[in-house]
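First the structure, in the form of structure tokens, and then the observations on it.
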Amino acid sequence: MLSFATPAWLLGLLLVPLIRWLHRGGPHRRAVPVASLALWRRAGTTGPAAGERRPPDPAWRRRALVAALLSLALAGPRSAVEVERVTLWVDDSLSMLTREDGRPRLVRGLELAATELAGRHGAEVEVRTLSQPWEVRRTLDAAVASDLVSAAGQHEPSPPPAALWRSDREHWLVTDGTSAALDANAYARVIRVGDTRRNAGLLRLSARRSLEDRDRLDVELQARNGGEGAEERVVVLSSEAGEIIRATLRLAPGESASLSASTGMNSRLAARLEPTDALEADDSISLDASELAARRVHADPACPAPLLAALRAHPALSIAGETSDAALSVDCGTGKAAVSRAKLRFVDGGTRQPLDGPLLWSSAVDPASRRLGAYRWRAAGQLAPPQGKDVVLLASGAMPLVVRRADDAAAVIETSLDVEAGPRDDATALPLLVAFLVDEALSESLLDAVAVTAREPDAVLVAPRTAVEAAAGVRATVMASDTRSWSRLLLLAVLFVLPWELTALLRRLRRERVEAEAWSQ
């Protein structure tokens with residue numbers, strides 16, 4: 001059905017008078033009066049004087065056509081049409097990178113989908129991945145397919161968000177059927193690819209500082225058999241310094257195994273399985289362990305010996321001289337602390353006094369960090385009252401003991417707890433205090449730091465869990481209503497008629513000039 005953005009009655013009011021005016025002669029209707037007909041050569045008596053009506057200029061038809069087309073185009077004519085809308089959901093999980101016949105499963109699935117969509121002439125297609133469902137692509141060409149393959153393997157699939165599951169669209173799925181989270185029968189069309197059923201892969205590589213030696217790392221590696229047959233692989237763990245360990249793993253279908261090793265402090269670790277299989281992407285894994293390296297600390301020489309001993313005993317700290325790359329500086333009143341991104345300031349007013357009451361922790365402090373032993377602490381001075389955005393982390397009654405000062409240049413933690421004499425009745429109290437203060441200054445937990453690279457447990461599965469029912473591919477086509485504008489087509493018609501009118505005008509001007517020259521003779 002044809003409709004207009006501008007009301008039809010308004011269009012008629014403008015168009016009908018215009019056409020009548022053009023039919024009566026338009027801008028050439030009026031004749032120029034002359035004193036005597038004898039002034040014109042070869043002129044005969046015509047028109048009303050002779051009892052005859054002069055015919056209208058034939059050009060009025062072209063001009064009326066142009067006016068009508070322009071008026072219709074401006075009225076915004078549009079008609080309702082039925083359009084097939086398809087949303088192609090792409091399973092871009094790790095298993096879709098399994099190579100079969102020299103190419104990944106994902107490439108094969110996208111080619112099959114592109115072939116079928118090419119047969120749906122006029123269909124409106126959008127492509128979305130299950131890992132990034134809010135990112136939409138409007139075509140499925142070679143460039144889009146290449147982008148999808150390069151970004152695949154980052155996450156395991158999950159069902160599409162309900163907000164994107166629109167009832168006026170057909171939902172297709174490209175998958176290998178390895179994920180139990182996807183209900184294939186919910187889709188109008190399912191394109192399943194993949195025949196390989198054997199695979200073993202690496203799931204997790206983790207490292208933490210050794211409890212016995214701060215300069216060594218304890219490493220753990222986990223592998224799993226994601227296929228349907230028994231697998232035997234050689235696993236190689238290495239670092240920047242060379243190979244750490246080589247061992248043989250024998251895994252039954254679905255079985256997992258772990259391997260532990262110890263190595264010196266390294267910034268990067270890597271593991272691989274030999275030989276590789278069809279899914280090479282899960283046969284190797286790497287880990288950035290640089291975050292486990294000891295933090296460089298500059299300590300004020302005036303700091304008490306017990307405090308310096310606690311700083312040296314901290315497994316994640318390395319005492320250094322004045323250096324510009326210190327992560328933390330400790331100021332004990334001399335003001336000679338090196339420039340750093342974090343600072344500890346110990347305030348000593350020279351007078352020791354017992355606390356006003358029990359320790360009161362701020363809600364901003366992690367409950368796991370609230371550990372200062374059983375020692376009865378004393379205050380070595382009085383901290384300045386908190387101002388502006390300062391945060392009191394620990395207090396006793398109305399007395400602030402640990403305050404995080406608002407400083408744009410560096411994170412500053414200030415405390416008035418007495419650390420000079422040292423808690424002799426509890427050997428763990430001062431190290432626990434130092435650990436707490438260091439974690440607050442650096443905004444990270446150094447004692448519990450673990451570097452991890454991990455894949456989801458089902459990422460190495462390559463065999464389909466459930467068969468896709470054939471009924472899912474024969475559902476009725478979903479057609480949606482859309483509007484089609486005719487304004488552009490009408491404007492093209494105007495552009496076709498205008499050259500005709502211009503040509504006629506040029507011929508008329510040439511003819512009138514020839515006649516004028518003839519009369520002047």
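Can you name the residue in the range 327-341 that is under 44 Å from the mean Cα position of the chain (by Cα), at pLDDT below 80 and not charged (D, E, K, R) and is also surrounded by the fewest Cβ atoms within 10 Å (Cβ to Cβ) among such residues? Even if it seems obvious, please write down each step before you answer.
Of the residues in the range 327-341, the ones under 44 Å from the mean Cα position of the chain (by Cα) are 327-331, 337-341.
Subsequent filtering for residues that are at pLDDT below 80 retains 337-341.
So of that shortlist, the ones also not charged (D, E, K, R) come out as 337-340.
Numbers: Ala337: 21, Ala338: 21, Val339: 14, Ser340: 24.
Of everything passing the filter in the range 327-341, Val339 is surrounded by the fewest Cβ atoms within 10 Å (Cβ to Cβ).
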Margin query: Anything in the range 166-177 that is open to solvent by less than 50 Å² (accessible area, probe 1.4 Å) and assigned to a loop (DSSP other than H, G, I, E, B)? List them, or say none.
Written below: Asp168, Arg169, Asp176, Gly177
Check: Conditions: (1) outside any strand (DSSP E or B); (2) open to solvent by less than 30 Å² (accessible area, probe 1.4 Å); (3) over 28 Å from Glu212 (Cα atoms). Ala281 meets all but one. Number of the miss?
Finding: (2)
Note to self: If Val127 meets every condition in (1) open to solvent by 10 Å² or more (accessible area, probe 1.4 Å); (2) under 26 Å from Arg465 (Cβ atoms); (3) not in a helix (DSSP H, G or I) apart from one, which number is that one?
What the structure shows: (1)
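Can you tell which of Pro457, Pro499, Pro431 is open to solvent by 40 Å² or more (accessible area, probe 1.4 Å), within 30 Å of Trp377 (Cβ to Cβ) and modelled with pLDDT of 75 or more?
Details: Pro457 fails: within 30 Å of Trp377 (Cβ to Cβ); Pro499 fails: within 30 Å of Trp377 (Cβ to Cβ).
The match here is Pro431.
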Notebook entry, point to check: Mind checking whether some residue in the range 342-358 is in contact with a helix residue (DSSP H, G or I) (Cβ under 8 Å, 6 or more places away or on another chain), touching a residue at least 60 places away in the same chain (Cβ under 8 Å), surrounded by fewer than 19 Cβ atoms within 10 Å (Cβ to Cβ) and basic (Lys, Arg)?
Noted result: no
Margin query: Quick check on Glu274: is it exposed (fewer than 15 other Cβ atoms within 10 Å of the Cβ) and in contact (Cβ under 8 Å) with a residue 40 or more places away in the chain?
Written below: yes
Next item on the list: Could you tell me whether any residue of the range 434-445 is aliphatic (A, V, I, L, M), modelled with pLDDT of 90 or more and open to solvent by 20 Å² or more (accessible area, probe 1.4 Å)?
Entry: no
Checklist line | So Leu437, is it in a helix (DSSP H, G or I) and either touching a Lys or Arg at 6+ places or on another chain (Cβ under 8 Å) or under 30 Å from Thr98 (Cα atoms) (or both) | finding: no
Notebook entry, point to check: If a residue has to be more than 17 Å from Val107 (Cβ to Cβ) and either among the acidic types (Asp, Glu) or part of a helix (DSSP H, G or I) (or both) to count, how many in the range 178-195 make the cut?
Noted result: 4
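If you take the residues of the range 155-165 that are surrounded by 13 or more Cβ atoms within 10 Å (Cβ to Cβ) and in a loop (DSSP other than H, G, I, E, B), which of them is farthest from the chain's Cα centre (by Cα)?
Step one: list which residues in the range 155-165 are surrounded by 13 or more Cβ atoms within 10 Å (Cβ to Cβ), which gives 155-160, 164-165.
When the remaining residues are screened for being in a loop (DSSP other than H, G, I, E, B), the result is 155-160, 165.
On the way: His155: 13, Glu156: 16, Pro157: 16, Ser158: 16, Pro159: 18, Pro160: 16, Trp165: 20 Å.
The selected residue is Trp165.
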Check: Hey, among the residues in the range 309-326 that are open to solvent by less than 60 Å² (accessible area, probe 1.4 Å) and touching a His at 6+ places or on another chain (Cβ under 9 Å), which one's modelled with the lowest pLDDT?
Finding: Thr323
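Can you name the residue in the range 359-395 that is within 39 Å of the chain's Cα centre (by Cα), assigned to a loop (DSSP other than H, G, I, E, B) and not hydrophobic (A, V, I, L, M, F, W, C) and is also modelled with the lowest pLDDT among such residues?
Ranking the qualifying residues of the range 359-395, first place goes to Arg370.
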Margin query: If I go through the range 197-209 residue by residue, how many of them are crowded, with 18+ Cβ neighbours inside 10 Å and assigned to a loop (DSSP other than H, G, I, E, B)?
Written below: 1
Check: Residues in the range 250-261: is at least one surrounded by 14 or more Cβ atoms within 10 Å (Cβ to Cβ), aliphatic (A, V, I, L, M), out of contact with any His (no Cβ under 6 Å at 6 or more places or on another chain) and over 30 Å from Ser95 (Cβ atoms)?
Finding: no
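The values are calculated or read from the model by the stated rules, or taken from the named source; none is laboratory data. Fair warning: this is a prediction, and the values are worked out from it, not measured in the lab. Positions of Cβ are generated from backbone atoms using ideal geometry, with glycine treated the same way; all protein chains shown enter the neighbour counts. When the accessible area is computed, the model is the full protein with side chains, heavy atoms only, and any ligands, DNA or RNA have been set aside. Shrake-Rupley method; radii C 1.70, N 1.55, O 1.52, S 1.80 Å.
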